[in-house]
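What follows is one structure encoded as structure tokens, with my remarks underneath.
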Amino acid sequence: MAEQPEFNIGKTIWPAIANIGGNASNEDQQKLQLLIAQLSEYVALTLNKNGITRFSFPLFRPFNAVFAITNEKIFVMVSTLTGGVALLRYQDWRRDRSAPEVTLEQAMNVVRQQLGWTEPYTLELPISLLDMAPIDRKVVLEEEAQNIAEYTKEGIVRQQRRVRFRPVFRTSLDELESDPSLCFVLMPFKPEFNRIYESVLQPTIKAAGLNPLRADEIFSPTPIVEDIWVHIAKSRLVIADVTDKNPNVFYELGLAHAIGAPVIVITRNKEDIPFDIAYIRYLLYVDNESGWAKLKTELAKALDSILSA
């Protein structure tokens with residue numbers, strides 16, 4: 001038997017310790033390993049020529065993988081290894097020619113359902129490569145490596161151009177846990193609004209099974225705007241009273257919209273709704289006993305609609 005060629009870069013992809021399984025024969029496993037090592041070699045060289053580190057290619061980072069053979073294709077499905085022992089599966093899915101060919105989408109569904117991989121990196125190669133000598137498949141694999149390099153480069157450019165959400169606050173959203181029982185209330189800090197909060201909003205929110213909270217009820221050494229940011233982010237939903245066009249309330253309402261929190265807007269005056277949020281449904285109320293009763297009813301319906309969605 002002819003001596004197998006060495007792919008000095010490509011052969012480094014294989015983990016020293018791995019949980020190996022699958023129904024493919026040992027011979028096919030060895031063929032797949034040599035094929036993937038050869039492809040990885042050309043990918044590394046091509047990425048280097050394009051000024052891209054080879055570690056942009058998932059097989060040069062710690063990985064789990066499924067290599068599947070069908071009648072016409074070789075599927076490579078890769079998931080990032082975040083800890084523990086690598087999992088490698090070599091599957092032979094070749095069927096009788098009368099049976100439908102397994103598609104890549106079907107193969108991806110298998111690994112999603114059985115292995116829990118949400119978005120595996122995938123490659124699709126012709127089955128004819130498996131039994132070719134390395135020298136005979138060189139041209140095909142170099143073309144595939146060039147395609148991978150171009151796709152990788154486009155991905156890097158997309159990543160660089162991606163609009164990022166970078167709040168100015170010290171507390172990152174990733175650090176927070178949502179509170180499904182919290183309803184945060186935005187309103188001006190004036191006695192007339194205290195009446196609405198205590199007589200209408202608090203009891204209605206509690207009746208819906210939520211805990212109402214207003215910024216002036218937070219006792220913390222951190223800056224008030226930081227506390228407001230944190231509690232808006234954690235809340236199940238937000239209620240904003242935009243009466244009198246209070247700038248602080250509108251600023252906080254903007255934070256809630258940026259985060260994507262469900263918001264119920266209330267106001268005494270239709271004119272206090274600026275045109276750029278006029279598309280949002282709001283509850284108009286009158287500041288008297290009958291107006292409070294109507295607001296309680298409408299607010300209860302709005303809360304139920306959000307909570308039951």
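Laboratory data are not the source of any read-out in this text; all were calculated from the coordinates shown. Because the structure is a prediction, the values reported are computed rather than measured. FYI the Cβ positions are ideal-geometry reconstructions off the backbone, even for glycines, and counts take in every protein chain you see.
Per-residue Cβ neighbour counts within 10 Å put Phe165, Phe75, Phe184 in the sequence Phe165, Phe75, Phe184, beginning with the fewest. Put a plus charge on the Cβ of each Lys and Arg, a minus charge on the Cβ of each Asp and Glu, and nothing anywhere else: the dipole of the chain about its Cα centre is then about 220 debye. In the chain, taking the dipole from charged Cβ atoms about the Cα centre, the farthest positive-side position among Asn64, Leu125, Phe275 is held by Phe275. Pairs of lysine residues in the chain that meet both criteria, 8 or more places apart or on different chains and Cα atoms under 24 Å apart, total 27.
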